[in-house]
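Here the structure comes first, spelled out in C-alpha cells, and everything after it is commentary.
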Amino acid sequence: LPRDTVLDIGGTATIKANLADRYGNARSEVPTLSAGPGNAITLDVATKTVTARDMGTQSVYARTGSLIDSTVVSVVPPGRLVVWSSALQLVRLVDIDGKGERTLITNVHSDFGVFPHFDQTRQRVTLHSGAGLGGGPSNNAIVIDTTGASRRDISGFSQIITVRQTNDGNVMVVGRRPSDTNGYYVFRVTADNTITLVAALTGVWGSYAGPDTYGAADITYDGSRVAYITGTSLNVLNISSGTTTTLDQNARSPRWSLQGDRLVYLVNPTSPDALDGAATVINADGTGRTALASYAFSPPGLAWSPDGKYVIGRTAEGIGLRILRVSDGAQALVRFTSNNQQMDYYQPDWR
C-alpha cells in the first residue's frame, strides 16, 4: 500500500495494493480494499479511488487471505502554512497537504522559538531570531515577504516575545530593550526603524525567560490590543485606553483570530505551569469560553485559519500538526516529509 496520504476536502487519490513474496517477487493474488470506520472518506472499490468528504482521519485496509495491511488518509481543509524547523533552523512555506514546500529564510534560531506570523494581507511574514546559533533569547525582529525577495531586520532589542506587522504598515513588538532591566513592554517600529515605547505590560515576568515568556503574547492585526500571560493568567491590554482585563486563570500561548474577535490558547488542568495543553477558545470580551477537545498541543504555537473555522498546532503526541474544527472539535493529524525525511515543524501560522 502507499504511505499515508493527506487530501484536501473534495480531493481524490488512487489506492493501489500489491502482493509480493518474501523476496519481493510479485504474486498473482489481488488484495481487496475496504474503508475503516469513519466519515472522512468514501472508497470506490471498483476504481480503487478514495474521495475526501469531511475533515478527519480514516484507514483503508488491504486483505488477501489472512494477510492485512493498512494506510491512513487524513482529510484537511486547504491552506498554506508558515512553519519553523528547529532542527534545520529555517522558516518554510508549505501547503497543509504537504505540497508546495519552499524555504523562506534560513539561519533563524532561538531557545524560545521564532514564531513566524503572516500579516493580514498574508503577503509578509514576521518572526524573531537570536543572535547566536541555537542559544539565548531572540533579539532581532525580521519582516520578509513571502517571495523572499524583500527582507527587513529590526535591531535594538534584548529579548522579543512576539512581532506583528499591523494594518498601518508599522511593526509592533512585545519585548524589552537592553536598558529595560525588569518587565516587558509594547513597542511600535516605524518604516525608518524608529522604536517608540507604547505601553508597559502590567504584572509581568521579571526573569529574562521562562514558561511565562515562551510564546506568551500576541498582538491583534490592527495593533489595538495585546493578549499576554502573567503567571498562568490570560490578560488583554487595550493600548488606547491602557486598561487590562483578565480572561482566564489557567492559560498558555494566546493567539488572536484574524478578525480580532476571539482568542485560542492552551489549558493544562493538571499542571498549570506546563507549556502544553488542550486548545480553548474565548471571545475577546471574556464570554463563550469553550474547550475544543482533549488533544494536547505542545509546545506553544497555535494558529487560526483565516476564516476562523479551524485552529492548528503541533501535537504533543509526537511529530505532526493537528487541525481542529472549532464548531465541533473534529480533528485531523498531518505529518510532513521533505527529501524523504519526516519534518518536525513548530509554531505554524495559516493563510
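Observations on the structure shown:
- Solvent-accessible area per residue, Å², over the stretch 65-176 with all protein chains present [probe radius 1.4 Å]: 35
- Candidate values (i) 1.23; (ii) 1.08; (iii) 1.04 were compared with Cα Rg over 2.2 N^0.38 Å computed on the shown model; the agreeing label is (ii).
- Whichever lysines have a C-alpha closer than 20 Å to that of residue 48, once near sequence neighbours (fewer than 8 apart) are set aside: 16
- Accessible area per residue, Å², the stretch 1-64 with all protein chains present, probe 1.4 Å: 61
- Only the Cβ atoms of Lys and Arg (+1) and of Asp and Glu (-1) were treated as charged; on that basis the dipole of the chain about its Cα centre amounts to roughly 440 debye.
- Applying 0.36 nm per residue to the separation of residue 107 and residue 177 and subtracting their alpha-carbon distance, the gain on full extension is 22.9 nm.
- Enclosing the Cα atoms of the stretch 149-260 in their convex hull gives a volume equal to 111 cubic angstrom per residue.
- Against the rule of thumb 2.2 N^0.38 Å, how large the Cα Rg of the stretch 218-260 comes out: 1.08
- Take the Cα of residue 70, step 7 Å toward its Cβ, do the same at residue 20, and the gap between the two points is 2.3 nm.
- Using Cβ point charges alone (K and R +1, D and E -1), the dipole size of the stretch 178-272 about the Cα centre works out to roughly 120 debye.
- Distance from the stretch 12-45 to the stretch 280-351 (C-alpha centre basis), Å: 31
- Given R0 = 30 Å, the distance between the Cβ atoms of residue 42 and residue 283 translates into a calculated FRET efficiency of 0.25.
- Extent along principal axes [Cα atoms of the stretch 10-138; Å; largest to smallest]: 60, 37, 22
- Gyration tensor (alpha-carbon) shape descriptor, the stretch 97-171, a/c threshold 1.5: oblate
- Solvent-accessible area of the chain (1.4 angstrom probe, protein heavy atoms only): carbon and sulfur portion equals 46 percent.
- Taking 7 Å steps out from each Cα toward its Cβ at residue 9 and residue 222 produces label points 2.8 nm apart.
- Positive-end extreme of charge dipole, the stretch 88-238 - chosen from 217, 175, 231 (charges on Cβ): 175
The values are calculated or read from the model by the stated rules, or taken from the named source; none is laboratory data. Keep in mind that this is a model prediction, so the values were computed, not measured. Every residue, glycine among them, receives a Cβ derived from its backbone with ideal geometry; neighbour counts consider all protein chains shown. Keep in mind that these areas ignore ligands, DNA and RNA; they rest on the heavy atoms of the full protein, side chains included. Shrake-Rupley method; radii C 1.70, N 1.55, O 1.52, S 1.80 Å.
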